[in-house]
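Chemist: Here it is, the structure, as structure tokens.
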Ligand SMILES: Nc1ncnc2c1ncn2[C@@H]1O[C@H](COP(=O)(O)OP(=O)(O)OP(=O)(O)O)[C@@H](O)[C@H]1O
Ligand SMILES: [Mg+2]
């Protein structure tokens, strides 16, 4: 299978007034299309930083990042946003639903930004809500939902555009174990249908759903456990 | 997409009810003020542009010689107009315009009724075609065909004749001329400086037939051929002075052609002129500035509340960006949101402007009406205001908030946006500085007004009534009226005068030697009776004017002020008594008495030379009786007075004015400024407080958790209130420090206009500072106390 993501010697620094933190230090690894990868490591080792760069939210300070065969390190904000909205879906630990929008409208949002026609939007949103079994809550506002339901909406929003890649940063971090398992189940199903999934987690249990675990320390990869 | 923006924006607006209401109220007030002012300014800027020849009509003004301080006068000799038309081919038409009897209220007799009239003019018949008079009856060509004809405006006709026809009716003016109505014209537009109620032919009077280059009393309008170079014509006109006037008589040296459309606003430096419809471009500029300032203060509220709220909004901005929104789309969203809010404010502001229009009129004395508010340019202006305010108020929040990074969602450190906090504080300081400057300005303006009102004028205008006797049919009438009045208990003194102080004196010169070419310009006023007693003048030397002068006495007895004494180099007033004085009055004039300088004019002006005189052969007539009275029952006194007047002068309208009111009138425009600035400052402070209230609510909300923790740890309500109010008070104090020197400088400049001015007291500043702090504290503490007394358990549960 093709490599979807090729990362080589990736570097990222944060400069604050006094100190410079090395968040990523010559990190190198690949992710193939259709893979389900878990990233683990102690707090502060650079997992979120890595995910932000893969998600094209942030730009690395050094090294190379090839996404679908294109070098994207050094892309400007506009180009990254363009690539991002068509290819990548996000699931966050804190859900990040917009409180002022209903479930339906939250899920519809990515379609608006990718310019899908209103009639098609309706079809797509309903399809996804159906799949996530949250259709009956479509006119509720996020705060009227339980944590598990909110995360299902967030997943629905992440997949509504049929992205090739889903990035999840501790998607179960704010959920109890049963809701957490539901979400992992959803990600596995999506992966089975061909979507590549990269997930950051602190939970060995959740990591077992993946094909491969990348373990990080101080900004670089230390080991890799192949599960499948 | 747009539909989506509107939907989202609308939700956001509704989600923050408090901020929305504060913003709309503030903006609507600011906009209301602006709308009314724009309507006002629009009418002011469009004076006199409706005539078909507006562009080619000029008023001729002249510059006087050094002796008269190079003043610019709008009133010229009556020879100027005819000479210009005769000698300069480009000058096609001219009309001279003069108010009957040089501007004193005319007394009209129509049938058996007497009326007072302020708008009676004499003019050349060309006035009708130059100023597009629309005749409803009669016509412009024939109106002055018959001698002794008069034309009336529609409203004058209705006032005198009601619905009856007026054509051919007789009107007696000042018991002197009887004129026949020969036409009725539609009222002149209210944006015309020409404000004639009625016009008769100047050629029916000596004023039009005796053409001379000396007395300057006639406004002169010239219509030039289209596309003429005005500067050239001005030069040619100025050349006429040498051609027609010999060197000694040249007390004016230059003619200026003032475009008709500029007369209304740009005549502050021009003396005289008869129109009552004069504005001032500087007033307009300052009002506009103040209204824009208020609007800007309201815009600041929007900027501050919107960006203060940005932390709440940052999550949704971040999410939108993660999902693919670019910065432009976020910008549009914020602009749409601002636009919706401003649209509401414009609608509300426009609605309030209709409700508050009467208030505005009574405060400023302007006569704009509902119709002016509905004018198309105002409606277009509203659209423009909508756009401009959206951009002014919306840009800073839009730019600052749309740049929020999506990484904010994933980063754990919620760091403060210190740049926007700094801007926000700066803007609050600006708002309060402006408010404090306005408070200080109002206080000093009011102080100055009181100062002027209480200033010792050198005479006492209180308790003096001026009754017009200029239409008396004979001198005997005036004399017997005076005698009868003097008999009344409540009347202390009566003097007949040519003019009440500062109104219609004659301009003359006093010369040291009769051979001098240049002298000191003075005002001379003929009087009969004891003027010292009537006006309570301060006699320094000599005696009052003689009560009776024997039949053959040709001496002119004069009472002069110190200014003249100083000019004539007398060491002391006593030295001058009995001396001869050169006055241009003809005959032998001697100094009978010397009075202390008194402010016959506005105290804004310097005191010049002033002379009362009495003589058997006075060239001027007496026009008014000044009556010093002392009564507990004014209505009854006035009733008796009118009865006596009517018995003695049955054919004349009873026209009177209180001298103190007349004096107060001199400061009417300052009074108006004071009112306007007061209103503006109250509004500015109110709007600034709305913003502060919102910010305080925001801070309290943001610090709910902190407050909860502090309270759990034992902080008192007072302690928490202080904690929350402190920061805002710091800003207000900074504003005070910034505002004080600026206010001092502005008011120092404003006071320069007055010869007599109140000192600027330090306590005014302290007072303004305390007021601002107090108002701010009141505003902020409401929110602070609310947060402080809230149950901490409840506040800790949020988050
Ligand atoms: N915006 C930032 N400014 C400065 N330093 C940062 C910033 N974001 C992250 N860092 C630092 O970079 C390093 C990596 O951070 P990162 O958030 O990627 O860690 P993480 O592995 O996701 O940790 P956690 O498991 O706690 O989420 C840390 O030392 C962190 O303090
Ligand atoms: Mg992390």
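The values are calculated or read from the model by the stated rules, or taken from the named source; none is laboratory data. Predicted, not measured: the structure shown is a model, and the values here were computed from it. All Cβ positions, glycine included, derive from the backbone under ideal geometry; neighbour counts span all protein chains shown.
Chemist: Of the numbered conditions (1) in a helix (DSSP H, G or I); (2) touching a residue at least 12 places away in the same chain (Cβ under 8 Å); (3) surrounded by 20 or more Cβ atoms within 10 Å (Cβ to Cβ), residue B:363 satisfies every one except a single condition; which is it?
Modeler: That leaves (3) as the condition not met.
Chemist: Name the residues in region A:88-106 that are in a helix (DSSP H, G or I) and facing another protein chain (nearest Cβ under 10 Å), would you? Lay out the reasoning, then the answer.
Modeler: Of the residues in region A:88-106, the ones in a helix (DSSP H, G or I) are A:103-106.
Those that are in a helix (DSSP H, G or I) and facing another protein chain (nearest Cβ under 10 Å): A:105, A:106.
Chemist: Can I ask one more? Out of (1) modelled with pLDDT of 90 or more; (2) part of a loop (DSSP other than H, G, I, E, B), the odd one out for residue B:78 is which?
Modeler: Result: residue B:78 fails condition (1) only.
Chemist: Could you please give the count of residues in region B:506-520 that are under 19 Å from residue B:618 (Cα atoms) and surrounded by 16 or more Cβ atoms within 10 Å (Cβ to Cβ)? Break it down into steps so the answer makes sense when it comes.
Modeler: First, the residues of region B:506-520 that are under 19 Å from residue B:618 (Cα atoms): B:506-510.
Then keep just the ones that are surrounded by 16 or more Cβ atoms within 10 Å (Cβ to Cβ); that gives B:506, B:508-510.
Total meeting the criteria: 4.
Chemist: For region A:36-52, which positions are within 21 Å of residue A:73 (Cβ to Cβ) and away from ligand 2 (no atom under 14 Å from the Cβ)?
Modeler: Scanning region A:36-52 gives a single hit, A:37.
Chemist: Could you list, in sequence order, the residues of region B:521-548 that are in contact with a helix residue (DSSP H, G or I) (Cβ under 8 Å, 6 or more places away or on another chain) and more than 19 Å from residue B:620 (Cβ to Cβ)?
Modeler: Hits for region B:521-548 are B:537, B:539, B:540, B:541, B:542, B:544.
Chemist: Given the options B:57, B:98, B:29, name the one that is more than 14 Å from chain A (Cβ to nearest Cβ), within 30 Å of residue B:694 (Cβ to Cβ), in contact with a helix residue (DSSP H, G or I) (Cβ under 7 Å, 6 or more places away or on another chain) and modelled with pLDDT of 90 or more.
Modeler: B:29
Chemist: Have a look at B:429, B:442, B:467 and point out the one that is away from ligand 2 (no atom under 16 Å from the Cβ) and touching a strand residue (DSSP E or B) at 6+ places or on another chain (Cβ under 8 Å).
Modeler: Just a single option satisfies the conditions, and that option is B:467.
Conditions tested, residue by residue: (1) within 21 Å of residue A:49 (Cα to Cα); (2) free of Cβ contacts under 8 Å to residues at least 60 places away in the same chain; (3) within 16 Å of ligand 2 (Cβ to nearest atom); (4) out of contact with any helix residue (DSSP H, G or I) (no Cβ under 9 Å at 6 or more places or on another chain).
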| position | (1), (2), (3), (4) |
| --- | --- |
| A:140 | no, yes, no, no |
| A:144 | no, yes, no, no |
| A:162 | no, yes, no, no |
| A:167 | yes, no, yes, no |
| A:170 | yes, no, yes, no |
| A:192 | no, yes, no, yes |
| A:200 | yes, no, yes, no |
| A:210 | yes, no, no, no |
| A:217 | yes, no, yes, yes |
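Chemist: Something else: Among the candidates B:569, B:606, which residue alone is closer than 28 Å to residue B:755 by Cβ and at pLDDT 90 or above?
Modeler: Result: B:569 is the single residue among B:569, B:606 that is closer than 28 Å to residue B:755 by Cβ and at pLDDT 90 or above.
Chemist: Kindly indicate whether any position in region B:259-277 is surrounded by fewer than 21 Cβ atoms within 10 Å (Cβ to Cβ) and within 14 Å of chain A (Cβ to nearest Cβ).
Modeler: no
Chemist: Which members of region B:157-188 meet the condition of being crowded, with 17+ Cβ neighbours inside 10 Å, without any contact (Cβ under 8 Å) to a residue 60 or more places away in the chain and closer than 28 Å to residue B:478 by Cβ?
Modeler: Listed by number, the residues that qualify are B:160, B:179.
Chemist: Another question, then. Of the residues B:618, B:653, which single one is in a loop (DSSP other than H, G, I, E, B) and within 30 Å of residue B:551 (Cα to Cα)?
Modeler: Exactly one residue qualifies, and that residue is B:618.
Chemist: Evaluate the following for residue B:408: is it within 16 Å of ligand 2 (Cβ to nearest atom) and either in contact (Cβ under 8 Å) with a residue 24 or more places away in the chain or in contact with a helix residue (DSSP H, G or I) (Cβ under 9 Å, 6 or more places away or on another chain) (or both)?
Modeler: Working: within 16 Å of ligand 2 (Cβ to nearest atom): yes; either in contact (Cβ under 8 Å) with a residue 24 or more places away in the chain or in contact with a helix residue (DSSP H, G or I) (Cβ under 9 Å, 6 or more places away or on another chain) (or both): yes.
So residue B:408 fits the description; yes.
Chemist: Give the residue, chosen from B:346, B:336, B:322, that is surrounded by 17 or more Cβ atoms within 10 Å (Cβ to Cβ) and touching a strand residue (DSSP E or B) at 6+ places or on another chain (Cβ under 8 Å). Let's see the steps before the verdict.
Modeler: Details: B:346 fails: touching a strand residue (DSSP E or B) at 6+ places or on another chain (Cβ under 8 Å); B:336 fails: touching a strand residue (DSSP E or B) at 6+ places or on another chain (Cβ under 8 Å).
The match here is B:322.
Chemist: Going through A:25, A:2 one at a time, which residue ends up being surrounded by fewer than 23 Cβ atoms within 10 Å (Cβ to Cβ), at pLDDT 85 or above and farther than 26 Å from residue A:127 by Cβ?
Modeler: Details: A:2 fails: at pLDDT 85 or above.
Within the list A:25, A:2, the selection yields A:25.
Chemist: Are there strands (runs of 3 or more DSSP E) fully within region B:450-568 with at least 1 residues that are over 33 Å from the mean Cα position of the chain (by Cα) and touching a residue at least 12 places away in the same chain (Cβ under 8 Å)? List them.
Modeler: B:491-497, B:506-510, B:520-529, B:539-542, B:556-561
Chemist: While we're on this one: Sort out which residues of region A:52-86 are part of a loop (DSSP other than H, G, I, E, B), within 11 Å of another protein chain (Cβ to nearest Cβ) and touching a residue at least 24 places away in the same chain (Cβ under 8 Å), and write them in order of number.
Modeler: A:55, A:56, A:57, A:58
Chemist: Give, as residue ranges, the strands (runs of 3 or more DSSP E) completely inside region A:117-228 that count at least 2 residues that are crowded, with 21+ Cβ neighbours inside 10 Å, away from chain B (no Cβ under 14 Å) and more than 16 Å from ligand 1 (Cβ to nearest atom).
Modeler: Qualifying strands (runs of 3 or more DSSP E): A:196-200.
Chemist: I've got another one for you. Only one of (1) over 17 Å from the mean Cα position of the chain (by Cα); (2) more than 12 Å from ligand 1 (Cβ to nearest atom) fails for residue A:37. Which number is that?
Modeler: The one condition residue A:37 does not meet is (1).
Chemist: Conditions first: (1) more than 16 Å from ligand 1 (Cβ to nearest atom); (2) closer than 15 Å to residue B:323 by Cβ. Residue A:73 passes all but one, so which condition is the exception?
Modeler: For residue A:73, the failing item is (2).
Chemist: Scan region B:386-400 and give yes if some residue there is more than 15 Å from ligand 1 (Cβ to nearest atom), at pLDDT 80 or above, within 30 Å of residue A:85 (Cβ to Cβ) and within 14 Å of chain A (Cβ to nearest Cβ), otherwise no.
Modeler: Scanning region B:386-400, I find no residue that is more than 15 Å from ligand 1 (Cβ to nearest atom), at pLDDT 80 or above, within 30 Å of residue A:85 (Cβ to Cβ) and within 14 Å of chain A (Cβ to nearest Cβ), so the answer is no.
Chemist: Residue by residue through region A:82-96, note down the ones that are in contact with a helix residue (DSSP H, G or I) (Cβ under 7 Å, 6 or more places away or on another chain) and away from ligand 2 (no atom under 16 Å from the Cβ).
Modeler: First, pick out the residues of region A:82-96 that are in contact with a helix residue (DSSP H, G or I) (Cβ under 7 Å, 6 or more places away or on another chain): A:85, A:89-92, A:95-96.
Answer for region A:82-96, where residues must be in contact with a helix residue (DSSP H, G or I) (Cβ under 7 Å, 6 or more places away or on another chain) and away from ligand 2 (no atom under 16 Å from the Cβ): A:85, A:89.
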